[in-house]
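> Got a structure here, written out as structure tokens. Questions coming.
The values are calculated or read from the model by the stated rules, or taken from the named source; none is laboratory data. Keep in mind the model is a prediction, meaning the values are calculated, not measured. Quick reminder, even Gly has a Cβ in these numbers, built from the backbone with ideal geometry, and neighbours come from all protein chains shown.
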Amino acid sequence: MPGLKYILIVLAVIIIIFVIFYINFKQKQKIKSETIDILNTYGKTIIKDKSLLFEINHNLYEILFYKIAEKHELTINSKLIWEVHTKTGSQLINQKSFLTSDYPKIIILYPIATKIKRFINENEMVFIDFRDSFFDMRLIKLADLKLALSEVEL
């Protein structure tokens with residue numbers, strides 16, 4: 001019967017992992033739905049070829065979502081290389097596949113609460129917010145989305 005005990009433990013772990021993924025998926029869907037509702041109050045959202053597009057003031061933007069933990073920090077090293085700093089270290093992320101389309105992008109960051117930094121050359125760094133546009137994209141924290149849409153002319 002010890003084999004049955006191990007089977008039950010493995011089964012319990014699989015169920016826990018499934019529940020965690022399901023809850024994470026539902027949270028992500030809820031955030032996307034709430035964001036689309038906010039966007040639709042300022043413009044019009046369109047789904048085209050599995051991409052979420054946002055039309056405002058006769059301009060069309062692709063909306064992308066990027067999850068960064070609330071206490072982690074984001075540094076934009078270049079258009080394609082981003083760095084996420086955690087308590088235990090940092091991770092370089094190649095965004096080539098994330099940023100492939102030709103549309104200008106609005107990237108919704110959530111639930112991050114820390115300041116976002118960007119290198120403007122090898123030894124100069126600046127803090128950025130939703131007012132800053134660079135590399136044909138604008139990064140907006142989800143918490144700042146309504147303010148950004150009402151304040152910034154896109």
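> Kindly indicate the residue of the range 93-109 that is part of a strand (DSSP E or B) and free of Cβ contacts under 8 Å to residues at least 60 places away in the same chain and also surrounded by the fewest Cβ atoms within 10 Å (Cβ to Cβ) among those meeting that condition.
Residue satisfying both the conditions and the ranking: Asn94.
> To continue, here is another question. Out of the range 44-63, which residues are on the phi > 0 side of the Ramachandran plot and touching a residue at least 60 places away in the same chain (Cβ under 8 Å)?
Once the filter is applied, which keeps residues that are on the phi > 0 side of the Ramachandran plot and touching a residue at least 60 places away in the same chain (Cβ under 8 Å), the range 44-63 yields only Asn57.
> Say whether the condition of being surrounded by fewer than 17 Cβ atoms within 10 Å (Cβ to Cβ) and assigned to a loop (DSSP other than H, G, I, E, B) is met by at least one residue in the range 137-149.
No; the residues of the range 137-149 include none that is surrounded by fewer than 17 Cβ atoms within 10 Å (Cβ to Cβ) and assigned to a loop (DSSP other than H, G, I, E, B).
> Is it fair to say Lys26 is over 14 Å from the mean Cα position of the chain (by Cα), within 14 Å of Gln95 (Cβ to Cβ) and of a type in the set (D, E, K, R)?
no
> In addition: Pick from the range 66-92 the residues that are of a type in the set (Lys, Arg) and over 13 Å from Pro111 (Cβ atoms): which of them is surrounded by the fewest Cβ atoms within 10 Å (Cβ to Cβ)?
Step by step, filter the range 66-92, then rank; the result is Lys87.
> Can you pull out every residue in the range 110-124 that is over 17 Å from the mean Cα position of the chain (by Cα) and surrounded by 14 or more Cβ atoms within 10 Å (Cβ to Cβ)?
Listed by number, the list holds a single entry, Phe119.
> Now for a different question. Within the range 34-59, how many residues are surrounded by fewer than 16 Cβ atoms within 10 Å (Cβ to Cβ), over 16 Å from the mean Cα position of the chain (by Cα) and part of a strand (DSSP E or B)?
So the count comes out to 6.
> I'm told Lys50 meets every condition in (1) over 22 Å from Asn94 (Cβ atoms); (2) at pLDDT below 95 except one. Can you identify the failing condition by its number?
(1)
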